[in-house]
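Asker: Here you go, one structure.
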Amino acid sequence: MIFRLALRSLLMHPIRALVLGVGFGLGVGVMATLLGVGEVVLEQAKEPALIGGGDVIATGVAGAVTSARFVLASIAAGAAASPRKRADLFLLRPGKDPLLIQARGGIPSLERALGDPETSDQPAWQDEAGDAAWTSPKHEDVLRAMDRFHPVPDVPARASSWAEWLYFKGPNFYCTFLVGPKSASGARIAGVRLQLDRGGRITSFGETAELDEAALLASAPDLTIGNSRVRLEGMRYHITLNLPEASGDFFIDAVPGRHLAPLVIRGAGGWVSGYTVPVMSGPLGGWIQVRGDRLALDGTGYHDHNWGFWQGVSWRWGQVQHEGRSYVYGRVSPPADAADPERIPGMLIALGPDGPLGYSTRVTIRETDDPATGRPHRIVVSSQGGSLDLTMDITVLDAIVTPGGALAKGPDFLQLRGTYHVSGKAGGQAVDFTAPGAAETFGGR
């Protein structure tokens, strides 16, 4: 019926039909041309050669890359890389309107190494003293910058739940140096906690103290809490414990490139949560002694650093190591008044001996609870992404339970020990192994 009506209209008004046909054809052709030109312009705008040289450009999905110095510190020796900062400047002229200027800043020597035409012919543009942190960074300085402590943000409604800590893990122990909010005296509440696994029997030891905030911010990650301390000596974290009924002296060595640069999540009402991993995996050695029983430490260690407001916060986290590679997953669930938990992505990162192997933010974490205990006995973590396509099937062996939450009132906090079966691909390489690892989650009441 429709075809018959269209045919009759064409026969009755052939000239009008011809003009309309030509018009529609031209419109479609012009639109296709514009779309093609726009795509070409967009691709050319991303070309490194058109913005000053280079083969790869790294940008942040939400703006500037705030941890660029730590990222550059992971780049293999022999490669050239340079940070860049763009900003709007206004030229003020007497009697005239301000003139907007789009400026770009960088480090002259690194820009020249990339073949930037603007700096190559400007001999007056030379590096300043502060540029050495980018041109020739010392790995120990990068570690110290990653592990610095933060002042408590001025958010009175959340201030009581602020905490920041250094976390060290070996095959059979967890050790935490934690600094919390201010006490009535104005000092920061602090504590050391050691959790030790001896043949499946978990024991905990601890001590509390107060720290001066100014001294803390000036010296961290060098910390002294009570009679225990952490010292960063070059690339080595040296931990000395002197707790009631437990002592220890051990180290974890950082390895250049095996770190996760600081990540910060911000939400409404001043809420913030930060996380960095200065040591994804590194040599571990030393000893821990409990009531005269000395346990030798050997193997591979792990160290991370967390900070933020923790009231109403939970997280899922896990880490496993195998044959010089380290895999870590995590997801933070913020309080309801700060952000929608469903919009906070998870992450899975794989690091090899020479640096990152891959990462993904398309991550699902599924926990299956034991009906008898209400605690997870199996966790399956899956990721999908161009550089990381993995499944981590975790069988939970045992749990250290902190009733009522880790740092603030809430569900029980569970520190898990389990067996990981990891399979899939990381950086285009096949992965299939089984190894012991750790995880953290919340559950129970």
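Values in this text are rule-based calculations from the coordinates and carry no lab data. As the structure is a prediction and not an experimental result, all values here were calculated from the model. Glycine gets a Cβ as well: all are built from the backbone with ideal geometry, and neighbour counts include every protein chain shown.
Asker: Using the count of nearby Cβ atoms within 10 Å as a rough guide to exposure, how do 305, 377 rank from fewest to most?
Answerer: In increasing order of surrounding Cβ atoms, one gets 377, 305.
Asker: Right, another one. For segment 255-270, take each phi angle, set θ = phi - 60°, evaluate the Karplus expression 6.51 cos²θ - 1.76 cosθ + 1.60, and give the result in whole Hz per residue in order, putting x for glycine and proline.
Answerer: Taking θ as phi minus 60°, the curve returns 10, x, x, 8, 8, 10, 4, x, 10, 10, 10, 10, x, 5, x, x Hz for segment 255-270.
Asker: Using Cα pairs closer than 8 Å and at least 6 residues apart in sequence, work out the relative contact order for segment 352-438, in percent.
Answerer: About 22 percent, as a whole number.
Asker: Then there is this: In what order do 255, 264, 313, 192 fall by count of nearby beta-carbon atoms within 10 Å, going from fewest to most?
Answerer: Details: 255 17, 264 14, 313 22, 192 27.
Lowest to highest Cβ neighbour count: 264, 255, 313, 192.
Asker: Counting only C-alpha contacts under 8 Å and six or more residues apart, can you give the relative contact order of segment 149-276 as a whole percent? Present the calculation step by step, with values, prior to reporting the outcome.
Answerer: Numbers: 218 pairs, mean separation 18.8, N = 128.
It comes to 15 percent, rounded to a whole number.
Asker: How large is log10 of I(q)/I(0) for segment 82-136 at q = 0.12, 0.20, 0.27 Å⁻¹ when the intensity is taken from the Debye formula with one equal scatterer per alpha-carbon?
Answerer: The Debye formula, applied to the Cα set alone, gives -0.38, -0.79, -1.06.
Asker: Moving on. Could you work out the relative contact order of segment 211-278, using alpha carbon pairs under 8 angstrom and six or more residues apart, expressed as a whole percent?
Answerer: Values: 86 pairs, mean separation 11.8, N = 68.
Computed value for segment 211-278: 17 percent relative contact order.
Asker: Which peptide among 164-171, 335-342, 91-98 comes first, and what is the full order, when sorted by highest mean count of other Cβ atoms within 10 Å?
Answerer: Answer by packing, highest mean first, reads 164-171, 335-342, 91-98.
Asker: If you don't mind, another one. Tell me which aspartates and glutamates have Cα within less than 12 Å of residue 425's Cα, excluding those fewer than 8 residues away on the same chain?
Answerer: Filter leaves 389.
Asker: Which of 109, 204, 161 has the fewest other C-beta atoms within 10 Å, and how do the rest follow up to the most? Let's see the in-between values first.
Answerer: Working: 109 17, 204 13, 161 20.
The order, fewest Cβ neighbours first, is 204, 109, 161.
Asker: Right, here's the next one. Could you give the dipole magnitude of segment 139-309 about its Cα centre, charging the beta-carbon of Lys and Arg +1 and that of Asp and Glu -1, in debye to the nearest 20?
Answerer: Numbers: 16 positive and 18 negative charges, 70 e Å.
Roughly 340 debye for segment 139-309.
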